[in-house]
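Each reported figure results from applying straightforward, stated rules to the coordinates on display, with no laboratory input. All values reported here derive from a predicted model rather than from experimental measurement. Cβ placement follows ideal geometry from the backbone for every residue including glycine, while neighbour counts extend to all protein chains displayed.
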Amino acid sequence: MEYFGNEVYFDPQELIVSKTNLKGLITYANHTFLKIAGYSEAEVIGRPHNLIRHPNMPRGVFELLWKHLQKGREIFAYVVNTTKNGDYYWVLAHVTPSFDGNEVVGFHSTRRIPDQSIIKTVIEPLYDNLNMIEAKHQNKRESIQASSKYLEDLLASKGVSYDEFVCNLFRGN
């Protein structure tokens with residue numbers, strides 16, 4: 001993957017936390033989120049969470065993420081984000097729907113530092129492939145569908161769900 005700027009790290013004891021409404025607009029960002037992303041609270045509240053989306057983050061992964069969330073399911077995902085000044089940072093994100101009774105009212109994400117060896121040996125090569133697939137399509141929807149299908153086929157060939165794939169990575173299996 002090609003990155004601009006410097007990679008930013010945060011303390012392994014810290015967690016990045018944010019909440020959004022159903023439309024993905026930020027309703028809460030903790031101190032660590034603001035510090036790492038380089039924004040003030042006023043700059044992020046009410047803004048789309050994709051404000052921090054790195055251009056090298058495959059859209060097909062977000063497609064899978066949203067499918068999980070729309071079914072009321074949590075998901076873990078490796079994500080590369082961008083800072084306000086153009087630097088970048090990797091996270092292992094745990095995203096879950098927020099409920100009021102039985103109704104989903106928003107989303108909650110807690111992110112931690114991922115294992116860098118997993119990023120280098122598994123995630124970056126996978127995301128490179130997904131990005132190459134997406135780049136072959138002029139139409140945004142077709143590009144997302146193509147990379148999502150590649151990811152689904154890859155997981156099927158390994159006999160695992162996306163959840164199992166990601167969990168096995170951070171468990172060391």
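Take Glu134 and decide whether it is part of a helix (DSSP H, G or I), closer than 21 Å to Asn50 by Cβ, without any contact (Cβ under 8 Å) to a residue 40 or more places away in the chain and not aromatic (Phe, Trp, Tyr). The answer is no for Glu134.
Here is a yes/no grid of residues against (1) within 16 Å of Trp66 (Cβ to Cβ); (2) surrounded by fewer than 20 Cβ atoms within 10 Å (Cβ to Cβ):
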site: Val80; (1), (2): no, no
site: Lys84; (1), (2): no, yes
site: Val95; (1), (2): yes, no
site: Phe99; (1), (2): no, yes
site: Pro125; (1), (2): no, yes
site: Leu151; (1), (2): yes, no
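Among the residues of segment 38-46, not a single one is of a type in the set (Phe, Trp, Tyr) and either within 16 Å of Ile144 (Cβ to Cβ) or loosely packed, with under 15 Cβ neighbours inside 10 Å (or both).
Of all positions in segment 108-118, at least one carries a residue that is under 26 Å from Ala37 (Cβ atoms), touching a residue at least 60 places away in the same chain (Cβ under 8 Å), out of contact with any Leu (no Cβ under 7 Å at 6 or more places or on another chain) and assigned to a loop (DSSP other than H, G, I, E, B). If you check Leu154 against the conditions, is it part of a helix (DSSP H, G or I), within 16 Å of Val79 (Cβ to Cβ) and of a type in the set (A, V, I, L, M)? Here the answer is no, as Leu154 does not meet what is asked.
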